[in-house]
Structure formats: C-alpha cells, structure tokens
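All remarks here apply to the structure that follows.
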Amino acid sequence: MSMTRFIRWYGANPLHLLALICAFAVAGYAALRLFAQQPIGVVVWLVGAAVAHDLILFPLYAIADRSARSVLRRRAGNLGTLAWINYLRVPTVLSGLLLISWFPLILGLVPGFEGATGLSPDGYLGRWLAITAVLYGGAAVAFALALRRARRIGGG
C-alpha cells in the first residue's frame with residue numbers, strides 16, 4: 001500500500017498511528033497494574049469520574065464556553081476569522097485541571113499534611129494563582145502575535 005493511499009485510508013500520517021498505539025499500550029499497562037492492586041477502587045474512580053464529568057462538569061463548562069463566546073463575539077468585532085476563543089479556552093482548561101487536581105491543598109483542606117509529608121501546605125493558592133496568571137498572560141501574548149501576523153498578512 002502506498003503512503004498516499006494509506007493516508008487517504010487512515011486519515012493521518014503513519015506516525016500518528018504509531019503514537020496512538022504506543023499511548024494505548026502505556027495506558028493499558030497502567031490500567032492493568034492499578035486494577036491488579038485495587039480493582040474496586042479503580043472501578044469506583046472510573047465510574048465517579050465519568051459521572052462527575054458527564055453530568056456535572058461538562059454542562060458547566062459548556063455553558064461557560066457558550067456564554068464567553070456570545071459575550072465576546074459582540075466585543076470582538078474586527079478580529080475576523082482568527083480562532084480567538086481558543087486563546088481563552090486553553091489557559092482556562094489548564095488552570096481548571098490544576099485546580100481540580102490540587103484543590104485540597106490550594107484551599108487548605110488537608111489537615112496533617114505537613115506532619116505526613118514534611119512539606120508545608122502554605123503557598124499552594126499563591127502558586128496556583130501565579131501559574132494561572134502566567135497561562136493567561138502567555139495566551140494573551142500568543143493571541144497578540146497571531147493577531148499581528150493575521151493583520152500583516154491580510155493588510156499587506
């Protein structure tokens with residue numbers, strides 16, 4: 001089978017297929033190791049994550065995304081076809097994932113953390129806020145550069 005025919009059949013480069021197979025193999029290995037040690041815990045976590053995401057989180061961030069697009073669409077008059085919403089989505093998702101992952105420490109909800117780990121729980125809120133600021137600042141700079149490039153190409 002020729003490369004062009006394979007790409008037409010598969011829809012992407014063969015490197016994509018190899019990376020996908022590798023990712024599934026690593027995920028499968030991790031799942032087997034976790035399931036062998038705590039099968040009930042893994043099942044509870046997967047069901048809980050699916051329910052929390054599909055029934056709670058997805059509707060919330062879908063509403064937030066739709067609201068942001070409708071509010072900013074009116075104010076973004078001359079931005080043209082540049083996908084500006086992604087410059088808002090990416091830092092929001094990354095900051096949200098950090099918050100979901102570390103919220104007990106960020107909100108100071110872990111009693112005995114210092115005694116158990118030898119680490120201070122102080123500073124997590126400040127670090128999360130700093131990372132969030134860097135994410136949005138980086139997105140703003142990237143958007144400004146993309147907007148400048150688009151205007152330069154479009155405006156001559």
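The values are calculated or read from the model by the stated rules, or taken from the named source; none is laboratory data. Everything numeric in this text was worked out from a predicted model, so none of it was measured. Note: ideal-geometry Cβ built from the backbone for every residue, glycine included; neighbour counts use all protein chains shown.
Just a few scattered comments:
- If the condition is being more than 23 Å from the chain's Cα centre (by Cα) and surrounded by 11 or more Cβ atoms within 10 Å (Cβ to Cβ), then region 13-42 contributes N13, P14, L34, F35, Q38, G41.
- With a requirement of 2 or more residues that are modelled with pLDDT under 90 and under 30 Å from F143 (Cα atoms), the helices (runs of 4 or more DSSP H) lying completely within region 14-89 that satisfy it span 58-75.
- So V93, is it assigned to a helix (DSSP H, G or I), of a type in the set (V, I, T) and not assigned by TED's automatic domain parsing to the domain that holds R151: no
- A count restricted to region 17-64 and to residues that are closer than 30 Å to I7 by Cα and not small (G, A, S) stands at 8.
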